[in-house]
Amino acid sequence: MRILSLSFILIVKQISAGGIGASHSSGGHDPMHHGNSDSSLPLLRKGGTRNFNNKRSRNLKAGKSDKKSDKQPIIYDTDYGPFIDDVFALGLLANSEDLIDLRYVLATGENPTLGAQCAAKHLSLAEKYDIPVGIGAEFPDYIHRGGVCAIPGLVGFALEEKCSDGPALSVDEDGIAAVASMIIDSDRDDWWYLVVGGLSSVQALVENYPDAASKISTLVIMGGNWCINFQPYPDVDAPTDETNIACDPGAANFVLDSSVSPFENVYFVPVAVADEIGGEDYMKIVQAANDGSDLGAKATIDFYKAWSAAGRADPSLLIHLEALTYDPETESTPMFDPCAVMLVLELLDDCEDRLSLFEFDAGVHFLEADDEGLRPFPEAPRSAFSLLPISHGVGADELPAQCPALTDFTFDPSETPEKEKSVTI
């Protein structure tokens, strides 16, 4: 039984519009245009017909067979530690063995070593001992970031005490190399890669292990914010930067440049789809945790309570107010990363007709810290802002309820140093 998926299904039945593409931008270029385009070029294909490679596999390191099976092999790339939604996303993935084969957990972030320990201890508590964990890439220097991720010390690591408690568990010191070796040694060329943090490790994999990266058919990313007229974070009006992209906007552009990117299918789950879990749905998770009937739920709630206590006790943490606002006994905080997991599950369960998917052939772009025309907070635009192509062809009447309107910040694909890749959002 997939306890943690009970309410997330509802969150992602509609996904808002957008798109992406690009590579590292050269310093000082100005790809941005502000204002709506009157072009009618029909780039949008709602519910586009991509080949999802729904052939589905287990980890050689864990002593499992790598013969093709009905389960999709997945690599989960997470910035586990500062935020609670990474915890729920891992819990949901680990409890979804009916559709996926979680082959590896890679920790990327400000402190990927500690993040890897967090993920390993979570999986150990859930008794998922056969899922290996490795240390991924660190985020770049602060000068190359955007948003809250560019302010030293602000994000913090709410789960530091929890993840440092007790003996250290065994993790791969070079998780990126371990992932590459696992993929190369397999007989699969249809791997899926789910990333719910900055894309630093994805860039490193593409650059340093291109043969392995070429065997990943589908990249699913939690990140980006192309919608406006709503508040993606408390008291923060959109348009604004989105934190996962902001931690490494250069990597977000790099891995989606079609001249270097090997990924056949690229999906984005934007921040607009997030929502809390409450009421009976949440209490089912708590009950399963409390009565011991689901060890995955127990591990998730255990880490949630530790995160909440640490966040409430430390006013310097970015998540302090969030931790004060939500009670682990009755509700979750707004969930971002699990929405990306649910998109994966919906696609694998052949439920595309329940989703609002928009394909952008012209891609999208993210502003980087050295781009021209950036403004200080709270003015716009800023580093890590999500841009739409000047001719995206999406009408307001096509948007789901979570996305009241699309951003006016656009770019001209002919003026970027990248060759934008078509993506689906």
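Points to keep in mind about this one:
- Rounded accessible area of Cys227 (nearest 10 Å², 1.4 Å probe): 0 Å²
- Of interest is the spacing of the C-alpha centroids, which for segment 181-207 and segment 402-423 amounts to 25 Å.
- Proximity of backbone amide H atoms, modeled 1.01 Å from N, is registered between Tyr80 and Thr108 at under 5 Å, excluding neighbours fewer than 5 places apart on the same chain.
- Computed over segment 288-425, Kirkwood Rh from alpha-carbon pairs, angstrom: 19.0 Å
- Remark: segment 94-101, residue by residue, has Karplus-estimated 3J(HN,Hα) of 5, 9, 10, 5, 6, 10, 10, 10 Hz, where x stands for each Gly or Pro and the curve is 6.51 cos²θ - 1.76 cosθ + 1.60 at θ = phi - 60°.
- Diagonalising the gyration tensor over the Cα atoms of segment 302-341 and scaling each eigenvalue by 5 before taking the square root yields semi-axes of 18, 12, 9 Å, largest first.
- Cα-projected label distance for Glu415 with Ala168, points at 7 Å along beta-carbon direction, nm: 4.9 nm
- Dipole of segment 121-259 [Lys/Arg +1, Asp/Glu -1 at C-beta], most positive-end residue of Leu169, Trp192, Val148: Val148
- For segment 121-203, pairs of C-alpha atoms spaced more than 20 angstrom apart make up 51 percent of the total.
- Relative contact order %, segment 126-190, counting alpha carbon pairs below 8 Å whose residues are six or more apart: 45 percent
- Per-pair calculated FRET efficiency, R0 = 45 Å: Glu276 and Ile184 via Cβ, rounded to 0.05: 0.65
- Sites Ser293 and Arg375, calculated FRET efficiency, Cβ-Cβ separation with R0 56 Å, nearest 0.05: 0.60
- The label point for Ser259 and the one for Asp211, both projected 7 Å from the Cα toward the Cβ, are 2.5 nm apart.
- Once the 1.4 Å probe is applied to the protein heavy atoms, segment 268-425 comes out at 37 Å² accessible per residue.
- Couplings for segment 206-220, taken from phi via the Karplus curve 6.51 cos²θ - 1.76 cosθ + 1.60 with θ = phi - 60°, read 5, 6, 9, 9, x, 5, 5, 4, 5, 8, 9, 8, 9, 10, 10 Hz in order; Gly and Pro are left as x.
- Magnitude of the charge dipole, segment 309-364, Cβ model with Lys/Arg +1 and Asp/Glu -1, debye to 20: 340 debye
- Residue by residue, segment 320-328 carries 3J(HN,Hα) couplings of 4, 5, 4, 5, 5, 7, 10, 9, x Hz when phi is fed to the Karplus relation 6.51 cos²θ - 1.76 cosθ + 1.60 (θ = phi - 60°); x denotes Gly or Pro.
- Two-site label geometry, Ala177 and Glu331: point separation in nm, points 7 Å out along Cα→Cβ: 4.7 nm
The values are calculated or read from the model by the stated rules, or taken from the named source; none is laboratory data. Keep in mind that this is a model prediction, so the values were computed, not measured. Cβ coordinates were reconstructed from backbone atoms using ideal geometry, including for glycine residues, and neighbour counts include every protein chain displayed. Ligands, DNA and RNA are excluded from the accessible area calculation, which covers all protein heavy atoms including side chains. Shrake-Rupley method; radii C 1.70, N 1.55, O 1.52, S 1.80 Å.
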